[in-house]
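Student: Submitted below is the structure of interest, expressed as structure tokens.
The values are calculated or read from the model by the stated rules, or taken from the named source; none is laboratory data. This is a predicted model, so every value here is computed, not measured. Using ideal geometry, Cβ is built from the backbone for each residue, glycine included, and neighbour counts are taken over all protein chains shown.
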Amino acid sequence: MSTLAYILLFTFLGSVASLIGGFILLSHEKLALKISHFLASFAAGVLLGTAFFDLLPEAAHEAEKTEINIFFWTLLGIVLFFLIERFIHWFHHHEEYQEHERESKSTLPLIIIGDTVHNFIDGIVIAATFMVNIPLGIVTTIAVAAHEIPQEIGDFGLMLHKGLARKKIIIVNILSAAVAFIGAITTYLLGNVLEGYIPIFLALTAGFFIYIATSDLIPEIHYENSSNTNF
């Protein structure tokens with residue numbers, strides 16, 4: 001099987017897996033809320049394990065013959081993802097301050113845009129790692145899917161809370177997940193241009209994974225634990 005075929009296949013599998021959490025919520029809301037905490041814990045472990053045991057060692061290996069500092073790019077990945085999230089949150093709260101009664105209308109597009117950008121980045125990450133080697137691409141796809149499942153439960157739940165119909169939620173999320181293919185195919189087509197920057201992409205991906213695990217998932221796990229003990 002060619003590298004492109006692997007990229008397309010696992011981008012598809014990653015996209016389907018990312019929607020599983022949302023479909024669980026729509027069909028079994030109580031079950032989804034019960035297992036979301038365990039899924040978040042699993043996803044945090046997978047992301048950190050992939051970052052420290054796969055992506056960073058591979059980035060270091062690829063950078064041996066270059067002057068690329070993979071730790072700088074890892075830190076940049078963490079900071080970059082932080083700035084993206086802060087911008088989305090700032091814009092959302094700015095809209096709320098301007099006109100509180102339009103909160104639902106302003107929030108829904110931001111949820112969709114944020115999820116779409118995230119899926120595009122996931123496509124880039126999957127393609128870039130498959131271009132290094134097949135096993136790394138498979139491990140990265142598993143990590144992507146692991147953190148997307150609990151995230152989609154949250155996104156689907158928020159969309160339901162904002163009054164979006166279930167059918168529209170499914171259509172919007174399928175279209176959003178399909179954007180991962182654009183990121184993956186673009187990365188593959190630019191493969192020759194990006195070949196010398198593979199260590200940078202791997203380090204940035206490690207930074208993304210570390211940030212998602214430590215900033216989003218682990219605090220959520222702590223919050224759930226404190227909520228369960230304070231009753």
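Student: Just for helices (runs of 4 or more DSSP H) wholly inside the stretch 134-227: which have at least 1 residues that are without any contact (Cβ under 8 Å) to a residue 12 or more places away in the chain and closer than 17 Å to A59 by Cα?
Tutor: Of the helices (runs of 4 or more DSSP H) lying wholly inside the stretch 134-227, those with at least 1 residues that are without any contact (Cβ under 8 Å) to a residue 12 or more places away in the chain and closer than 17 Å to A59 by Cα span 134-161.
Student: Filter the stretch 7-26 down to the residues that are modelled with pLDDT under 90 and among the β-branched types (V, I, T), then identify the one that is surrounded by the most Cβ atoms within 10 Å (Cβ to Cβ). Before you say what the answer is, go through the steps one by one.
Tutor: Applying the first criterion (modelled with pLDDT under 90) to the stretch 7-26 yields 13-26.
Those left that are additionally among the β-branched types (V, I, T): 16, 20, 24.
Values: V16: 13, I20: 15, I24: 20.
Among those residues, the one meeting the criterion is I24.
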